[in-house]
Amino acid sequence: MTKPDLSDAREKLNRACDHIANVEAQINAFLATDFYRLRFEPDQREGRIEVIFDSLHQPTKRINSLIGDAIGNLRSTLDYLVVALTYPHTGKTDGTGFPFADDANGFAGEVRSSRCLGPCDVAVQDIFINEIQAYKGGQGHTFWVLNKLRNIDKHRLLLSAAQMAGVTMSWKDRNGNVFTNCGMGVEAGQSGCFISAPLNHIQITDNPRPTFNITLEEPPTINGAPVVEFLQIASRATESLLNRF
């Protein structure tokens, strides 16, 4: 097999990595803002106190946009790979794309189709069918998810993501019991009760540490996946695929 020119595909992958870094930077920038407060609400009649966590505001939709940009470039990298593999056989770049399907049989058919890897060597087709498996539940399940998410971002709306703001801290009660690194979270912009205890029963033992997490919420394709972790996994899988050729 002639070694394909993957320079364009690698440039797309580099662009995706830039977007992933920007997603992380936006999350860190939000963490640096005054996005929350803790309130101590005593109830003298009941003899209790509640520690209330208020998430004061949501981040802008720029994060959602950057997530879509990262996914779009990762997905384009896959198409660029197939173009690089088929161009020596067809001399064409139009109408060619990475194969996807919802099951193994459908994927094998897509691989061998004229618009995917049909013009390539049988050995290349076999690599895709036996190793890459970009279908639901296959070894390339992550690629299948990327394709589904890119279609949502491209044709519908910004990708849906749950934004959870929270806090982690430690405290001890009057009996000397110590509770370390306890955390809670609420949907960004909402409030929740962190601790409810008898008056004068608890003592905060360290400075509260804010947290902010974003998960992809696009059922049935993906649900509850930490967005940065997913993007990094998809990026590494895409890079590994390019290295395969």
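The values are calculated or read from the model by the stated rules, or taken from the named source; none is laboratory data. Everything numeric here is computed off the predicted structure, so don't read it as measured data. Note that each Cβ is placed from the backbone with ideal geometry, even for glycine, and that neighbours are counted across all protein chains shown.
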Please tell me if A188 is of a type in the set (G, A, S), surrounded by 15 or more Cβ atoms within 10 Å (Cβ to Cβ) and either touching a residue at least 60 places away in the same chain (Cβ under 8 Å) or closer than 23 Å to Q26 by Cβ (or both). yes
Quick check on segment 102-131: of everything there that is closer than 23 Å to A16 by Cβ and aliphatic (A, V, I, L, M), which residue is surrounded by the most Cβ atoms within 10 Å (Cβ to Cβ)? L117
Across segment 191-245, what is the total count of residues that are outside any helix (DSSP H, G or I) and of a type outside the set (F, W, Y)? 34
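Before we move on, is D126 of a type in the set (D, E), touching a residue at least 40 places away in the same chain (Cβ under 8 Å) and not in a loop (DSSP other than H, G, I, E, B)?
Details: of a type in the set (D, E): yes; touching a residue at least 40 places away in the same chain (Cβ under 8 Å): no; not in a loop (DSSP other than H, G, I, E, B): yes.
No.
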Regarding segment 21-30, can at least one residue be identified that is within 28 Å of G183 (Cβ to Cβ) and not in a helix (DSSP H, G or I)? no
Looking only at segment 1-38, which residues are of a type outside the set (A, V, I, L, M, F, W, C), under 16 Å from Q58 (Cβ atoms) and either touching a residue at least 12 places away in the same chain (Cβ under 8 Å) or touching an Asp or Glu at 6+ places or on another chain (Cβ under 9 Å) (or both)? Q26, D34, Y36, R37
Can you spot a residue in segment 37-58 that is part of a helix (DSSP H, G or I), surrounded by fewer than 18 Cβ atoms within 10 Å (Cβ to Cβ) and not basic (K, R)? no
Can you tell me which of (1) more than 29 Å from S7 (Cβ to Cβ); (2) modelled with pLDDT under 95 is the one N105 doesn't meet? (2)
Which residue out of N207, N181 is touching a residue at least 12 places away in the same chain (Cβ under 8 Å) and either surrounded by 15 or more Cβ atoms within 10 Å (Cβ to Cβ) or closer than 30 Å to L231 by Cβ (or both)? N181
